[in-house]
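The values are calculated or read from the model by the stated rules, or taken from the named source; none is laboratory data. Here the structure is a predicted model, which means the values were calculated and not measured. Note that each Cβ is placed from the backbone with ideal geometry, even for glycine, and that neighbours are counted across all protein chains shown.
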Amino acid sequence: MSEIGLTVNARKRVVNVDDDMPLVWILRDTLALTGTKFGCGVGVCGSCTVLENGKAVRSCQIPASEAKERAFVTIEGLSLDASHPCQRAWLEEDVAQCGFCQPGMILTACGLLRDHPNPTDEEINTVMSDSVCRCGTYPRMRKAIRRAAALLREQKR
Amino acid sequence: MNPFTYIKARDASQAVSGIAAKPQTKFLGGGTNLIDLMKMGVETPAQLIDITRLPLTQVEELPGGKGVRIGALARNSDVAEHSLIQQRYPVLSQAFLAGASPQLRNMATVGGNLLQRTRCYYFYDPAFPKCNKRNPGSGCGALEGYNRIHAILGQSDQCIATNPSDMNVALAALDAVVRVQGPKGEREIPIADFHRLPGSTPNIETNLQPDELITAIDLPAIPFAARSHYLKVRDRASYAFAIVSVAAALELGADRKITAARIALGGVAHKPWRAQKAEKELIGKTADEKTFRAAAEAELAAAKGYKHNSFKIELAKRSIVRALSTLTAMAS
Amino acid sequence: MAKIPSGKLPDGAGWQPALPKAERDTVMSATIGPARSRVDGRLKVTGAAKYSVEFEVPECAYGWTVESNIAKGKITAIDAKAAQGAPGVLAVLTHLNTPKFKSAPKKEGGGGGSGIRNEERFPLNDDEVHYAGQYVALVVAKTIEQARHAASLVLVSYAPEEPLLTMEAAEHKAEKPKKNNDEHVQIKKGDVEAALKDASLVKIEQTYITPTETHNPIEMSGTIAVWEGDQKLTLYDATQFVKGVQNILAHAFGLELENVRIICPFVGGAFGCKGAVWMHVLLAAMGAKVAGVPVKMHVTRRNMFVGAGHRTPTRQTLSLAATRDGKLQAIQHVSETLTSTVGQFTESCGARSTGVMYESPAIRVEETVFPVNVSTPTFMRAPGECPGTYALECALDELAIALKIDPVALRLANHADNHPIKNVPFSAKHLKEAYQLGAEKFGWAKRNPEPRSMRDGDLLVGWGMATATYPAHKMSAAAKVQLRANNTATVQCATHDLGTGAYTAFTQISSEQLGLPFENITFELGKSDFPFGPVAGGSNSTGTVGTAIHEVAGLLHKALAELAVKDSKSPLFNLKTDDIAMVAPGRIGLKNDTTKSDAYADILKRAGKDSLEVQSEQKPPEENKKLAFQSWGAHFCEVKIDPLLPRVQVTRVVSVMNCGRIVSAKTARSQIMGGVVMGIGMALTEETSYDPGTGLPVTRNLADYHVPTNADVPEIDVAFVGEPDFAFNPIGARGMGEIGITGIAAAIANAVYHATGKRIRDLPITQDKLI
């Protein structure tokens, strides 16, 4: 066990955890930020995605020892009232079904839109195929990303 | 996971002396493969040396037009997007983009990618009693087991696993050179000698010594590699390991005569498979489908399939034809 | 294969013109109010929706299992010393020290209230190993990493025996079950043999194979078990059946039913794998009891392939005989499936698909089940009908080709107006309209029937279609409503939202039935404290729970009427309560004179009540034997295939469904789309492969088991036809969770044939089968 300092959603936190505990468990079980999900533990499904400097990263692939002194944003940090353009677009397209993969999907979309503010279908396909949804929300998710892109552009204007 | 100690290395020599000081030590780069294997109980290091802070992340031109050097800790995504790589070695950029997912590419390092371990089920899951790679002498579970993803070239009766990396295939086609640092100093290992065929020691996968650190990968200048291509054949539209892949570059002279060719295959062998027989077959011939098919036949003549993977022989031939046809179409 | 002249359809086999638009619009299903977005949408996009293992329980420890690496045999020794001494370890449970579980409830057929146990044994209560992956020990430790590490230190020795792993090996144990959930599964009508021998008929006989498939919801199964003393147990469990878990756990630990509480407000997908009580649930409760602390158990993704069920593999032989003009004279569907040696779950492929689909004088459905040493299978989205329609609808396509008849025309020619076995009319069946609308939307008339005739550049293009069907099930449920004087209400039922949209649909139904604005309703589910809700399976929930809401609304109106008739200030004073009903939103009044009415809020205020609460009774559903109830649909799809490297890409899907009333337009569409997406996986990529030696699954994670990703899924056009089926239930809904996946794999396989001229009868259609 070690004391590890990290920043989550702009708040400095200190946790006492096993060195090899992945960030996803620090978030879910130590900090009670359960919006970050656990779907495979081996970096395949994407449901544990969080943002670091705006880039999507997999929290199950980052052990505590490596998470030290880094800053992450979880779905709770995007907004609690669903006001972030990605969350809004998701609601307007009624994307979610079971909802379990959705925080990871939304944050992956945030990462995509940061690099590609006006993504092509191919860019959406490539980036979003890295997250798995078993309910099959993909067609609505694609619509929501286009809608979020428009909302973000509007916001910048 | 097995408990382990964790230290951060400041520089390469500290990392190398650290690994020599304590047995069962591993370097930790992006961790995308090692952490998985530790969770599965396949890898059980007693110590991890975090090398991510070492200054080995540059992609830079070698002096005198000798090619390009990629730092061992450069992230796969950064290399894929680097203009030097995109312009001179598109096959490598494409291989990165075909590999893993964007998020894993953001984490994975090129040094780690070189050491990526097989996806053979029998290796990956310690529930299986037989695996000569994980537990030398225990046998090969895949030989008589479910072997759809396994090797058709260069395998032995000890191991039929494949190397899962896309990057390695491109490096094999490009004659890359791996630069390593050990207690006795630096040395260079040509990519063809870096990975090993399984033979009777499938547990030893590379010729890298346990106390050596990969510092860089050098790509020699190959002007015709500016027209190169990576073809990945997989089971779903994206995001899956290759069942077969081809890295290829072609140089065409007058009348579409082939003057130089580089071909490497992925998903078919324990190491990235440089297809020298096919290359030889192509030289001096006209670039057309008949020539490509003949070259593919020559390379795969020695291939051997098992219960579930014999399809790979024909699939590999077709993939070679497609990759070379794509390059030829780009030329015209 | 019969050659079809290219260019146009043979005479008389062509596509009929569509229904006039006006007529079509009248058959579109009515929805309840405007299309609503999911009421739980905001919780789900902000991460605030709490799934089972996410509840905060102080001092919670973690459970981690050890699994058997052999498929059959006995445990001879377990060395748990190292594990017991490892840091953080609170308990190591094995068969040597685990207290005996008390008892199991008596089984009820038809998905009754007793709970579901597919694996019919208790964990860690004996030394027998029945399948590879069986839990043989449980470690409870303070942190998850400590538990995982300690579990790796448990050493188990076995005396292995030769396992039965295949149909061939288990031949001598094969059984022909008479019934599955109270329904007859071996069906015989007319003289099938004679028709199959009749030389004047055109015949098809083919065998179709489907592999083991695994549900893989993204939320893995998991439970937190919390004891208060030794008589009260609370489980936060990811389940499709809170009341079933409650009953089974109460029996297993000898507790009073009301002392066992199950909580599950959200489920992160299930598709059938969370319907039964699996071993980890019992282990979490037992681990918590022995260790004396709350215990959280996550079933790892790896163990989701052995510890939470799967769709069993099937081998199905279809024999069809038809006249030259395409009238079916015999349909025979013989299926063989696997089950485990520790349960009886069977995948009945033909009974409720081939047994209902087409009119034919002779029909035979037969099934044989082989018990093997593989973990127990369970329901997976449309169990039976999903593989069954794949085989039947591929065979129909093969028959259409042999007859040179358009596949849609062949299906229309054999349309069953009446149930082919029960011989009663189907209620509110609009399959013909589904074919018509689907064909029109898809542009089916432009199809050239010749295989390999359609191209997009270098790519082969294939168009295929198939019929979808799923029976309408109903079970029993009860509901409770609390109406408040401010015109808001809370409605409760121990039902579930697996992502199906249940919260939204039941809020809509409550709004309609109670006569209150949508925004004024709070619908609560997922707690065993609430009135009975059945398992969320078999597409029964909307109709079953909807019926309970209908009944409780009637009781509420009656209770309001009783207050009003005693109230001299009410316009309904002294009238008979039997003459009173809801006459307008928020008002009850005289049924035949609606000028006499009173508002709910006024009645409550004058009675000095803040609220009024009523609860309906759980009673067996009413059976209507004069009609048959079944949902229908038609899928049309396009595939594109590179002839050199023939990976199949689905590029377009049109699915038209006939499911009675569409309660909630948006969530219903999403359900059908979800079924289609899972069907794309079934057709093209999904297979759980097993090691033939150990019986362990080899494709045991999401990297090796290929579920469809975004790039595999095209736009999916979903439409509905048909009116509400009020003969089935007062809501008029026949459900929609399963039907989307039926038929779609056949539509894709048929399109692959059309594109390539190759008939693949063995799923999934990976490229190795096409080169």
Would you mention how many residues in the stretch B:108-137 are within 14 Å of chain A (Cβ to nearest Cβ) and either surrounded by fewer than 23 Cβ atoms within 10 Å (Cβ to Cβ) or not in a helix (DSSP H, G or I) (or both)? 6
Yes or no: C:Ala548 surrounded by 24 or more Cβ atoms within 10 Å (Cβ to Cβ), modelled with pLDDT of 95 or more, in the same structural domain as C:Arg587 (by TED's automatic domain parsing) and more than 22 Å from the chain's Cα centre (by Cα)? no
Collect the residues in the stretch B:161-175 that are within 14 Å of chain C (Cβ to nearest Cβ) and among the hydrophobic types (A, V, I, L, M, F, W, C), keeping them in residue-number order. B:Ala161
Here the residues within the stretch B:180-216 that are touching a residue at least 40 places away in the same chain (Cβ under 8 Å) and under 21 Å from B:Gln58 (Cα atoms) are B:Gln181, B:Gly182, B:Ile191, B:Glu212, B:Leu213, B:Ile214, B:Thr215, B:Ala216
Quick one: in the stretch C:627-674, of everything that is out of contact with any strand residue (DSSP E or B) (no Cβ under 9 Å at 6 or more places or on another chain) and at pLDDT below 95, which residue is farthest from the other protein chains (Cβ to nearest Cβ)? C:Ser664
Going by what's in this entry, would C:Ser510 be described as buried (at least 24 other Cβ atoms within 10 Å of the Cβ), over 18 Å from C:Val39 (Cα atoms) and not basic (Lys, Arg)? no
In the stretch C:177-194, what residues are more than 20 Å from C:Lys474 (Cβ to Cβ) and touching a residue at least 40 places away in the same chain (Cβ under 8 Å)? C:Pro177, C:Gln186, C:Ile187, C:Lys188, C:Lys189, C:Gly190, C:Asp191, C:Val192, C:Ala194
Within the group B:Val68, B:Val79, B:Val91, which residue is crowded, with 21+ Cβ neighbours inside 10 Å and not in a helix (DSSP H, G or I)? B:Val68
Does C:Glu119 qualify as being assigned to a loop (DSSP other than H, G, I, E, B) and acidic (Asp, Glu)? yes
Could you tell me whether the stretch A:148-156 includes any residue that is part of a helix (DSSP H, G or I) and closer than 22 Å to C:Asp712 by Cα? no
Please state which of the following conditions C:Ile144 fails to meet, knowing it meets all the rest: (1) surrounded by fewer than 23 Cβ atoms within 10 Å (Cβ to Cβ); (2) away from chain A (no Cβ under 14 Å); (3) touching a residue at least 12 places away in the same chain (Cβ under 8 Å). (2)
The stretch A:87-97, residues that are more than 7 Å from chain C (Cβ to nearest Cβ) and of a type in the set (Asp, Glu): A:Glu92, A:Glu93
Pull up the stretch C:553-597, narrow it to residues that are of a type in the set (Ser, Thr, Tyr) and outside any helix (DSSP H, G or I), then point me to the one that is nearest to C:Ala479 (Cα to Cα). C:Ser597
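This table checks each residue for (1) among the hydrophobic types (A, V, I, L, M, F, W, C); (2) farther than 18 Å from C:Ile641 by Cα; (3) away from chain B (no Cβ under 14 Å).
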site	(1), (2), (3)
C:Val707	yes, yes, no
C:Val713	yes, no, no
C:Asp725	no, yes, yes
C:Phe728	yes, yes, yes
C:Gly737	no, yes, yes
C:Ala751	yes, no, yes
C:Thr756	no, no, yes
C:Arg761	no, no, yes
Quick check, is C:Val369 modelled with pLDDT of 95 or more and part of a helix (DSSP H, G or I)? no
Wholly within the stretch C:232-314, which helices (runs of 4 or more DSSP H) include no fewer than the required count, namely at least 1 residues that are modelled with pLDDT under 95 and more than 14 Å from chain A (Cβ to nearest Cβ)? none
Please go through the stretch B:271-312 and pick out each residue that is crowded, with 19+ Cβ neighbours inside 10 Å and within 14 Å of chain C (Cβ to nearest Cβ). B:Phe292, B:Ala296, B:Leu300, B:Tyr306, B:Asn309, B:Phe311, B:Lys312
Hey, does the stretch A:119-130 have a residue that's touching a residue at least 12 places away in the same chain (Cβ under 8 Å) and not in a helix (DSSP H, G or I)? yes
Mind checking which residues of the stretch A:9-28 are more than 12 Å from A:Ala64 (Cβ to Cβ) and within 10 Å of chain C (Cβ to nearest Cβ)? A:Arg28
Test set (1) assigned to a strand (DSSP E or B); (2) of a type in the set (A, V, I, L, M, F, W, C); (3) in the same structural domain as C:Ile680 (by TED's automatic domain parsing) - C:Leu483 fails condition number: (3)
Filtering the stretch A:33-86 down to residues that are touching a strand residue (DSSP E or B) at 6+ places or on another chain (Cβ under 7 Å) and of a type in the set (Ser, Thr, Tyr), which residue is farthest from the other protein chains (Cβ to nearest Cβ)? A:Ser59
May I ask you to list the residues in the stretch B:15-56 that are crowded, with 17+ Cβ neighbours inside 10 Å, away from chain A (no Cβ under 14 Å) and outside any strand (DSSP E or B)? B:Ala15, B:Val16, B:Gly18, B:Ile19, B:Leu54, B:Leu56
Can you name every residue in the stretch B:206-263 that is away from chain C (no Cβ under 14 Å) and on the phi > 0 side of the Ramachandran plot? B:Asp255, B:Arg256
Count of the stretch C:154-173 residues which are part of a loop (DSSP other than H, G, I, E, B) and in contact with a helix residue (DSSP H, G or I) (Cβ under 8 Å, 6 or more places away or on another chain): 2
Give me the residue from the stretch B:1-14 that is of a type in the set (D, E, K, R) and away from chain A (no Cβ under 14 Å) and, out of that set, farthest from C:Thr65 (Cα to Cα). B:Asp11
Counting just the residues of the stretch C:686-702 that are out of contact with any Phe, Trp or Tyr (no Cβ under 7 Å at 6 or more places or on another chain) and within 12 Å of chain A (Cβ to nearest Cβ), which one comes out farthest from B:Cys120 (Cα to Cα)? C:Leu702
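What do you reckon, is C:Glu440 in contact (Cβ under 8 Å) with a residue 12 or more places away in the chain, part of a helix (DSSP H, G or I) and either within 18 Å of C:Gly660 (Cα to Cα) or hydrophobic (A, V, I, L, M, F, W, C) (or both)?
Taking the combined requirement at face value, the residue does not satisfy it.
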Of C:Gly515, C:Gly499, which residue is more than 14 Å from chain A (Cβ to nearest Cβ) and at positive phi? C:Gly515
Give me the helices (runs of 4 or more DSSP H) completely within the stretch A:44-110, filtered to those with at least 1 residues that are crowded, with 19+ Cβ neighbours inside 10 Å and of a type in the set (S, T, N, Q), ordered by residue number. A:64-67, A:85-92
